[in-house]
Each structure stands twice: as C-alpha cells, then as structure tokens.
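One structure below.
The values are calculated or read from the model by the stated rules, or taken from the named source; none is laboratory data. Given the structure is predicted, the values throughout are model-derived calculations rather than measurements. Here the Cβ positions follow ideal geometry from the backbone for every residue, glycine too, while neighbour counts run over all protein chains shown. Each accessible area value is taken on the protein alone, full model and side chains, heavy atoms only, with ligands, DNA and RNA left out. Shrake-Rupley method; radii C 1.70, N 1.55, O 1.52, S 1.80 Å.
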2 protein chains.
Amino acid sequence: MDQLVERIKQKNSCVVVGLDTDPRRLPDEIIRAGRRVDAVLNRQLAEAQLEFNRIIVDAVYDKVPMVKLQIAFYEMLGPSGLDTYKRTIEYARSKELLTIGDIKRGDIGSTAGAYAEAHLASEDSPDAVTVNPYMGSDAILPFLEIARPRGKGLFVLVKTSNPSSSEIQDLEIGSSGERVYEAVARRVAMLGSETVGRNGYGLVGAVVGATYPEDAAKLRKMLPHTYFLVPGFGAQGAGPDDVAGCLDSRGLGAVVNASRSIIFAYEKSKNVPATIESIGEAACEAAETMRKEIDAAFARRRARFP
Amino acid sequence: MDQLVERIKQKNSCVVVGLDTDPRRLPDEIIRAGRRVDAVLNRQLAEAQLEFNRIIVDAVYDKVPMVKLQIAFYEMLGPSGLDTYKRTIEYARSKELLTIGDIKRGDIGSTAGAYAEAHLASEDSPDAVTVNPYMGSDAILPFLEIARPRGKGLFVLVKTSNPSSSEIQDLEIGSSGERVYEAVARRVAMLGSETVGRNGYGLVGAVVGATYPEDAAKLRKMLPHTYFLVPGFGAQGAGPDDVAGCLDSRGLGAVVNASRSIIFAYEKSKNVPATIESIGEAACEAAETMRKEIDAAFARRRARFP
C-alpha cells in the first residue's frame, strides 16, 4: 500500500472515483443512440463507456489517487465491455492513477488461481482487486500469492455498506460479543501481517462501509496495519464525519469511494447538455467537494481527539 | 427446479459434469501448441477449450442432466475465453443439457442487477448461476428477480466443500449452537419459498459440500424444498456415501458435481494419446461409474433408513 500512500500524499486526497459506468445510464450525447442494452448495441455502448471514462479520468487524474472499476457494468456488455474495462485501466495508469478492480471474486484452489491470474497478473490488470471471504482463507491466499511479487493489493470484504450486510456480517459469535465481520477482520490482519511496508500498511486491505461508522471506528482500532476501502459515501447515505473515523492520526489508512455521485454529477444540472466539459467539470467539482468535506471532518475529529 | 428434476429422471443420473476446463491443463493434442498462457496464445487456447468441451458434451449428454462451467477458467483467457464460455453453453443446450454458470458473484443493488443481466438474461446465458451470500439478501434478490420470470435458478453458497470453509461458515452464533451456514440456509429457504414447483423444489438452491457429510445431512432436513448443488466428490475427497445424505427419499434433491475427475479422466491412461475418442470415453466412463456408486450408496441408505 506504499504506492497508494504516496499517491494520496501527492494528490492530497483520499477520494477514489468509482467508474461504475452503468451503460444503462450513459448520456445519449455520448452514445449517440438509444438506451436499450442488447447484443447489437453492446459494442457501441462499450465504446461510449470508454469515452465517458476517459472524460472522467481526464477531469480527476490530478485531484485523486485512484479510480475503482465495478466490473459488473463492463461484464454486462460482454467481450466489448471487458475490453473497455482493460482499456480504462490502461488509460488511468497512463495518467498515473492507481486502479482497483471491484470484482468481489471468491473461490478456491485452482479456480482462485485462475481468477487471480485473470485479474492481477497481466499488464492491463488493476493494481488491486476486491475479494469475498465467505469461503475462508482458501479464497484469499491465491490472490495474495499473485499480488505480492507484483506489489499489488487486495481489499477483502469485511463490513459492507449495504442494508442487509448485517444478516451475516453482524451475527454474534458464541458468547464473546464478537461479530462475524470482526472474525473476518482478524484473519485479514493476519494474512497481511507479513507484507507491511514502510508506511505501516500491508498488501491486504479491508472493505469497510462508511454507513456503519461505529463498526468502522472499531475496525480502525483493531486493524492498525490494514488499509480501508470505504464505500457508502454519497449515494448510499454516509457523510464526511462517518468517514473520518476510518482515518489514522496522519489522515491516512483509508481511501473513500464515491461512484454515481461523482461520475453522474452532471445530471444534477438539468438544463446543461451532457458534453465533455459539463461531465468533466461536474465530476471534478464533486470529487473536490468530497475531499474538502472529508478534510474538514478529519480536522474536527483531530480537534476533539488530539 | 422442475426442469432439472425432469432431466434427472430422464437421464436417471444426478451427476453434473464440471467443465472446469483449465486452459493450463488442455492436452497438447487438442491445443496443437505449447502450454504457456499468454496474450498471443489466448485465442488458440480458447478454441482448444471449446473443442475440448464439445468432446466432453458429446460424450456425456445422454448420461447426465447438467454441466457446470467454472467461469474463472474462461475469464483467464479474456474475451476469447468468455466467447468459449457462451458457445459451450449454447452447445450444451443444443444437446438438451441444463447448464450452471459457476460465477459465485455477490454484490448489491444496481451492480447485482448488472451481474444478473450479464449472466442470466441473455439467450446464451446458463440456466442457473451460483451466488455468494456474504453481503446478505441484497446480493441475492436481484438475481432472483431476473431468474424467476425466466424459470431459471440460483445456487447460493451455504456450506462449501473446501478446508477453510469452516473459518466463517462454521462460526457458532450466540449460545444457540446454530452456525453461520445454518443462518444462511434459513435465508435461502425463505427466499425460495414462493417459487416451489410441482416437484417440491424452489428456484433458490444451495451449494452444500459433500466433504462435510454430517452438515449436509442436517441441511437436507432443514431445507426440504431446496435443491442442492453438491461439490467435493472425487478430487476433493468425498465419496458416494457422503453424497447420499443429500438426496431426498425419492433420490432427488441434489445434483452432484465432479469436474477434474471426469473431464481429465483420460490422463489416467498414460500410454493412450489424448484423442477425441480417449477423452470422451474416459469422461463417459467416469460419469457412469460415479452415477452407479451414488445409486448404490443411496440404495444402502434406503435399506438402513427405509
């Protein structure tokens, strides 16, 4: 995570722009066609997706350290969409942005090895991927094996930001008061412990939703060497103060993702047509506003707990 | 699951052949080239994968009800691999085989919708997919929404067959003695309850590893209307008696997957070159042997517990 920390310092921002570029939501001006998703349109939509992503990357690359690609929105366009996924990663990399592939894969043995190979080994693969822990360490170690020699990272789902995350993740274990997500957190800490870099963080990070700020603050204490990827800001309802608890005393330790609220920010100005300028400016402004809000919340928190 | 039950009765077999066609393991005779996996070879390997899968489908289509495709082995070859994935599904369908896409996706909201769209909605998508429950019902409902009007199915990971499945799935909840996988099982039963068909099974199935036969037998009782997809037979060490406990009194209620032990069965005959005939015959024989072993174990079980 040292590379990440460097980029965060360089950009003075922990904001991750989520390129969750839902083809169903692309502006007609970019598609230059209808909105129906079917086989005939897939290639055209994937081209529009790539153009849209380039606009966003161009607008934010000097403001944020990292972009996150939700692979589902590329998979739904088939091979053309996956081509856009890879070309977006290459483009973001050419602008010195780090990239996370939000793939949430979780499988075992040779299968996990195949996923890790597919999503972390090639040149056009992202710098980090998200991984699902339900099957246990068998599902995480093969990714770590591919990530480690390449200096790449993982973010393991620990406490996710969605409403039903409580169904499994919050179950209380035995009579200890510990919850399932805390048991997962302990394993994540263990798996990353041998990879801690000069900034104090290991290659195995954790996905920790900002929508549960108390759980997040508890996890921050439990996991001093684990970088957090924090979803839930903006569209999902978490605010800057909820996020501030995920940061360490240096203001590091977490990258905060927002997707729709940044990339589709231009939709708010209803009378402005979607152009390269209006899309890019709105995204840049949304990312900057978010950074400032988090900075202010962090400063307030430091004033209270110096 | 009524379609599945019909195919099982028609073929008199609950064996699912896993087309886990690892490109790293394809015979040179089929690739007609080296074994290195890289960008140049991807298209050629994907072609070989498709040819190999056709050999297996041709060999087993009149013996088994269903094939399962582990998508990781196709994803690792990029767009060409995903093309093979879809073309294999179409080919299997043309031979009246049902298909499971072993995708183990788990995400929420519009993302889960995009995955469901990608993996269940199009004509070349499988009849069922596997889903990961770590994020809760939010991760399952969007799949069910797409599956239900199409008469397709889901198999939710409940108790997986791998060694480290115990790390999360076996954690005991509170002081009830109930384990995490049982809590997941109860939700699976609830989600499927409104979709029970004439054979007594709903569209939401469960992945239950045969490597933990006591847990599987307990789940069989807990989930009378839930079809099981049972991995772990063969390569992972579970035997026919372990599987028999997953079947209901009619011998239905579970499909049993074996992948490597069927599709790569020809490797056992070291002096026989890999040809269409030797690969196909070995796969057919392995599937038939497996069916007979399970039938015999089921008969033994019925004799003991009539």
Response to the item:
Taking first residues from segment A:214-243 that are farther than 25 Å from A:Arg198 by Cβ and second residues anywhere that are of a type in the set (A, V, I, L, M, F, W, C) and open to solvent by 30 Å² or more (accessible area, probe 1.4 Å), the pairs with Cβ under 7 Å that are 6 or more apart or on different chains are A:Pro240/A:Ala296
Worksheet item: What residue, among those in segment B:157-186 that are hydrophobic (A, V, I, L, M, F, W, C) and more than 24 Å from A:Thr130 (Cα to Cα), is surrounded by the most Cβ atoms within 10 Å (Cβ to Cβ)?
Response: B:Ala185
Response to the item:
Of the conditions (1) out of contact with any Leu (no Cβ under 9 Å at 6 or more places or on another chain); (2) at pLDDT 95 or above; (3) not in a helix (DSSP H, G or I), the single one that B:Asp58 does not satisfy is (3)
Discussion item. Just the residues that are surrounded by 22 or more Cβ atoms within 10 Å (Cβ to Cβ), at pLDDT 95 or above and not polar (S, T, N, Q), please, taken from segment A:75-96.
Written reply: A:Tyr85, A:Ile89, A:Ala92
Discussion item. For segment B:114-156, give me each residue that is open to solvent by 20 Å² or more (accessible area, probe 1.4 Å) and within 20 Å of A:Gly81 (Cα to Cα).
Written reply: B:Glu117, B:Ala121, B:Ser122, B:Glu123, B:Asp124
Item to complete: Of the numbered conditions (1) within 14 Å of another protein chain (Cβ to nearest Cβ); (2) surrounded by 18 or more Cβ atoms within 10 Å (Cβ to Cβ); (3) without any contact (Cβ under 8 Å) to a residue 60 or more places away in the chain, A:Asp102 fails exactly one; give the number of that condition.
Response: (3)
Worksheet item: Hey, any hits in segment B:206-213 for a residue that's of a type in the set (A, V, I, L, M), more than 18 Å from B:Gly245 (Cα to Cα) and within 12 Å of another protein chain (Cβ to nearest Cβ)?
Response: no
Worksheet item: So which residues in segment B:257-290 are of a type outside the set (Ser, Thr, Tyr) and open to solvent by 40 Å² or more (accessible area, probe 1.4 Å), if there are any at all?
Response: B:Arg260, B:Glu267, B:Lys268, B:Lys270, B:Asn271, B:Val272, B:Pro273, B:Ile276, B:Glu277, B:Glu281, B:Glu285
Worksheet item: What are the residues in segment A:105-137 that are more than 7 Å from chain B (Cβ to nearest Cβ) and either touching a residue at least 60 places away in the same chain (Cβ under 8 Å) or of a type in the set (A, V, I, L, M) (or both), if any?
Response: A:Ala112, A:Ala116, A:Leu120, A:Ala121, A:Asp127, A:Ala128, A:Val129, A:Thr130, A:Val131
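Take the residues in segment A:64-95 that are in a helix (DSSP H, G or I) and polar (S, T, N, Q), then tell me which one is nearest to the other protein chains (Cβ to nearest Cβ). Explain how you work it out, then say what you get.
In the first step, residues of segment A:64-95 are kept if they are in a helix (DSSP H, G or I); the result is A:72-75, A:78-94.
Within this subset, residues satisfying the condition of being polar (S, T, N, Q) are A:80, A:84, A:88, A:94.
On the way: A:Ser80: 8, A:Thr84: 11, A:Thr88: 15, A:Ser94: 19 Å.
Residue satisfying both the conditions and the ranking: A:Ser80.
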Fill in: Subset tally (residues that are part of a loop (DSSP other than H, G, I, E, B) and open to solvent by less than 20 Å² (accessible area, probe 1.4 Å)) for segment A:207-224
3
Worksheet item: Of all residues in segment A:187-198, which are surrounded by 15 or more Cβ atoms within 10 Å (Cβ to Cβ) and either more than 20 Å from the chain's Cα centre (by Cα) or within 12 Å of chain B (Cβ to nearest Cβ) (or both)?
Response: A:Arg187, A:Val188, A:Leu191, A:Thr195, A:Val196, A:Gly197
Worksheet entry | Of all residues in segment A:111-160 being of a type in the set (A, V, I, L, M, F, W, C) and closer than 19 Å to B:Pro23 by Cα, the one that is farthest from the chain's Cα centre (by Cα) | A:Ala114
Worksheet item: Quick check: is even one residue across segment B:36-51 within 14 Å of another protein chain (Cβ to nearest Cβ) and on the phi > 0 side of the Ramachandran plot?
Response: no
Fill in: Tabulated pairs, segment B:147-170, first more than 14 Å from chain A (Cβ to nearest Cβ), second outside any helix (DSSP H, G or I) and of a type in the set (Val, Ile, Thr), C-beta under 6 angstrom, 6+ apart or interchain
B:Leu154/B:Val131; B:Leu154/B:Val204
